[in-house]
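The values are calculated or read from the model by the stated rules, or taken from the named source; none is laboratory data. For clarity, every value in this text was computed on a predicted model and none was experimentally measured. Cβ atoms come from the backbone with ideal geometry, glycine included; neighbour counts cover every protein chain shown.
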Amino acid sequence: MEARPLIAIVGPTASGKTALAVELAEKYGGEIICADSRTVYRSMDIGTAKPTLDEKHRVPHWGLDLVDPGQTYTAAEFKDYTDQKIAEIRSRGHIPFLVGGTGLYVDAVLFDYEFGDSADPARRRELEQMNIAQLQELCRENDVPLPENDKNKRHLIRAIERGGSNNRRRSEPVDNSFIVGITTDREELRRRIEHRARQMFAEDVIREAEKLAARYGWDHESMTGNIYPICHLYLEGKLSLDEAVQKFVVQDWRLAKRQLTWFKRNKFISWLSLDEAESRITSVLDSEH
């Protein structure tokens, strides 16, 4: 029996990828692998907008809660994990859905990245002495694509270390894969981002942040991205609740634009609206039978 296809659904944050994937995976006997560098952390549930309990009950989800917030998790580890999960899902006769907005995670799987050896310690120390602007300039000088979070020092350093020399990849996606990108009207995406931001605060992301900070501190990398620094400013009395919401909306909007910039480089993605994507994937999966 031929292996079931790998369906990749990508796009910016809050574009509706997860809901579409759940609907299709439930209908066609699929399992979802979340390609998101934030949802790999345990206990970061509200602030990373993980799939809901209902969604996880309807369809098996993988790639969630893999490490504690105090640990580091790399794209290479994600690729190894995901390759294994895709094989397991197919062995059950099910369809693997790779769903997410972390471009490097998605590309590592779709283009079968071969990650290089561990970083050279001397070179790493040299890079760590540089500031964000210097690291960004080094990326530009060496034609190294900026990472999704281009203001994160560790992400910049890893991008430079990969730098095209020790990171081999296929020129086309892996066989038997189909990639859809969710395109959304700018105003609609902005509304979705704002609605989700208000929902996070309504679900008490502030309390979640407090508990995480009590255990891991505010300075660990997993706590320095996403919504958690904004929660910290609110708890310190430096932002009102409404200011915190608006600040997160602006931050998430910038993330969405960075994600789109990353994915637009991939000429193999079919960019479709949610309805068009549902119809196209349905026709692909129906044609299997």
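Listing for the model above:
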item: Search result, residues across the stretch 243-289 that are touching a Phe, Trp or Tyr at 6+ places or on another chain (Cβ under 8 Å) and within 15 Å of Lys27 (Cβ to Cβ); result: Ile281, Val284, Leu285
item: Every pair of residues 6+ apart whose Cβ atoms lie under 6 Å, when the first sits in the stretch 191-211 and is surrounded by 15 or more Cβ atoms within 10 Å (Cβ to Cβ) while the second is assigned to a helix (DSSP H, G or I) and of a type in the set (D, E, K, R); result: Ile193/Asp252
item: Complete set of residues in the stretch 205-240 that are part of a helix (DSSP H, G or I) and among the hydroxyl-bearing types (Ser, Thr, Tyr); result: Tyr216, Ser222, Thr224, Tyr228, Tyr234
item: Members of the stretch 252-285 found to be crowded, with 17+ Cβ neighbours inside 10 Å and either within 23 Å of Asn226 (Cα to Cα) or out of contact with any strand residue (DSSP E or B) (no Cβ under 9 Å at 6 or more places or on another chain) (or both), listed by number; result: Asp252, Trp253, Leu255, Ala256, Arg258, Gln259, Leu260, Trp262, Phe263
item: Cβ pairs under 8 Å, 6+ apart, first in the stretch 15-31 and more than 16 Å from Gly181 (Cα to Cα), second part of a loop (DSSP other than H, G, I, E, B) and not hydrophobic (A, V, I, L, M, F, W, C); result: Gly29/Gly93; Gly29/His94; Gly30/His94; Glu31/Pro60; Glu31/Arg92; Glu31/His94
item: Enumeration of residues in the stretch 127-161 that are among the hydrophobic types (A, V, I, L, M, F, W, C), within 22 Å of Asn266 (Cβ to Cβ) and in a helix (DSSP H, G or I); result: Cys139, Leu156, Ala159, Ile160
item: Tabulated pairs, the stretch 89-100, first within 13 Å of Pro5 (Cβ to Cβ), second among the charged types (D, E, K, R) and surrounded by fewer than 24 Cβ atoms within 10 Å (Cβ to Cβ), C-beta under 6 angstrom, 6+ apart or interchain; result: Ile89/Glu31; Arg90/Arg4; His94/Glu31; Ile95/Arg4
item: Some residue of the stretch 279-287 being assigned to a loop (DSSP other than H, G, I, E, B) and either within 30 Å of Ser171 (Cβ to Cβ) or at pLDDT 90 or above (or both); result: yes
item: Scan of the stretch 184-195 for residues that are among the β-branched types (Val, Ile, Thr) and either at pLDDT 95 or above or over 20 Å from the mean Cα position of the chain (by Cα) (or both), ordered by number; result: Ile193
